[in-house]
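For reference, the structure is listed below as structure tokens.
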Amino acid sequence: MNNNILTNKQLKDLDSLFKLVSDQQLKDFGNISASNKSDGSLVTSCDLWSDKTIVEALSKIAPNEGVLSEEGGKLVPKTNAYWIVDPLDGTTNFAAGIPYWSISIARFVDGKPQSSFLIIPTLKKKFVAIKGMGVWLNDKKIEVKKQNQRSECVSLCSRSIKILQKNPNSKFPGKIRLLGVSSLNLTSVAMGQTFGAIESTPKIWDIAAAWLLLEELNCDIEWLETNPMHLSPEEDLKDTNFPLIAARTKEEIKVLRPWGNLLIEK
């Protein structure tokens, strides 16, 4: 057996886990309050429950594989295969009653994403990406096709919007969309809903699952400062940002690069 690849039983157990967590999040949505973490970001009891439930389940589904999670340990595991978990990406939306957030989980092997799972509970969507094999949406494989019609939209995050203030005399090359969820900003590029995305301060758990979706659907990523392919075992990623541009094509990366570079200007 190739230990790099998840077994059918592991995939089935993961499906059961995703349903359990999705159902609880939908139940808590609109019925739960948030508090501030030390870094100023929001957290709810549902975030904490989801994180604990996922991490405990992964220890049984994939024993001896480490886990890095937003609400738990943030050191890169020493194991060759490990998991990166964002149990509820979009807590601000969740807490504000905006029905758009995701469960974002990726399994890394040899420092690169090998499989990833991105669930949008309110839309009943589940993305699965397997390195070298493609992407499935609700168990139906997505065919990689050249986009005949270019989207006019670009996803920005709440922090990358500052680039418009830094360059007020230039016209931004797209209609701006702010979804409020890093993983779904990037997924919108992979699905052709936007032609690009600029993320200012994403953490590794924000981007881990969408990263593989983008790669498997032939999109491009340009890391503006720190490259997550150079992670070291036991490296602390609590305060590490991975600013990036994602786009459907290299040509569209070039269109967005001058704006992305504004994020890292000293």
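One table, with the values for the structure above:
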| read-out | value |
| --- | --- |
| Which listed residue, of Pro233, Pro258, is part of a helix (DSSP H, G or I), surrounded by fewer than 17 Cβ atoms within 10 Å (Cβ to Cβ) and not aromatic (Phe, Trp, Tyr) | Pro258 |
| Selection from segment 229-266 of residues that are out of contact with any helix residue (DSSP H, G or I) (no Cβ under 6 Å at 6 or more places or on another chain), closer than 21 Å to Val135 by Cβ and of a type outside the set (Val, Ile, Thr) | Met229, Leu244, Arg248, Lys250, Glu252 |
| Within segment 114-194, strands (runs of 3 or more DSSP E) holding 2 or more residues that are touching a residue at least 40 places away in the same chain (Cβ under 8 Å) | 125-130, 134-137, 153-156 |
| Complete set of residues in segment 1-42 that are without any contact (Cβ under 8 Å) to a residue 60 or more places away in the chain, part of a strand (DSSP E or B) and among the aliphatic types (A, V, I, L, M) | Leu42 |
| Residue among Trp49, Trp83 that alone is assigned by TED's automatic domain parsing to the domain that holds Gly30 and in a helix (DSSP H, G or I) | Trp49 |
| Hits in segment 92-117 (condition: more than 15 Å from Leu14 (Cα to Cα) and buried (at least 24 other Cβ atoms within 10 Å of the Cβ)) | Phe94, Trp101, Ser102, Phe108, Pro113 |
| Every residue from segment 203-230 that is surrounded by 15 or more Cβ atoms within 10 Å (Cβ to Cβ) and acidic (Asp, Glu) | Asp206, Glu215, Glu216, Asp220, Glu222 |
| Which listed residue is in contact with a strand residue (DSSP E or B) (Cβ under 6 Å, 6 or more places away or on another chain), under 24 Å from Lys238 (Cβ atoms) and modelled with pLDDT of 95 or more, from Ser188, Ser183, Ser155, Ser200 | Ser183 |
| Failed item, numbered, when Val43 is tested on (1) modelled with pLDDT of 95 or more; (2) touching a Lys or Arg at 6+ places or on another chain (Cβ under 6 Å) | (1) |
| Residue that is nearest to Ser115 (Cα to Cα) [pool: residues in segment 190-202 that are crowded, with 23+ Cβ neighbours inside 10 Å and touching a Ser or Thr at 6+ places or on another chain (Cβ under 7 Å)] | Pro202 |
| Scope segment 52-76; condition farther than 13 Å from Val21 by Cβ, outside any loop (DSSP other than H, G, I, E, B) and not hydrophobic (A, V, I, L, M, F, W, C); matching residues | Ser59, Lys60, Gly66 |
| Cβ pairs under 8 Å, 6+ apart, first in segment 57-69 and in contact (Cβ under 8 Å) with a residue 12 or more places away in the chain, second of a type in the set (Gly, Ala, Ser) and in a helix (DSSP H, G or I) | Val67/Ser59 |
| Selection within segment 1-50 - basic (Lys, Arg) and either loosely packed, with under 13 Cβ neighbours inside 10 Å or under 18 Å from the mean Cα position of the chain (by Cα) (or both) | Lys9, Lys12, Lys27 |
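The values are calculated or read from the model by the stated rules, or taken from the named source; none is laboratory data. Everything numeric in this text was worked out from a predicted model, so none of it was measured. No Cβ is skipped: glycine too gets one built from the backbone with ideal geometry, and neighbour counts run over all protein chains shown.
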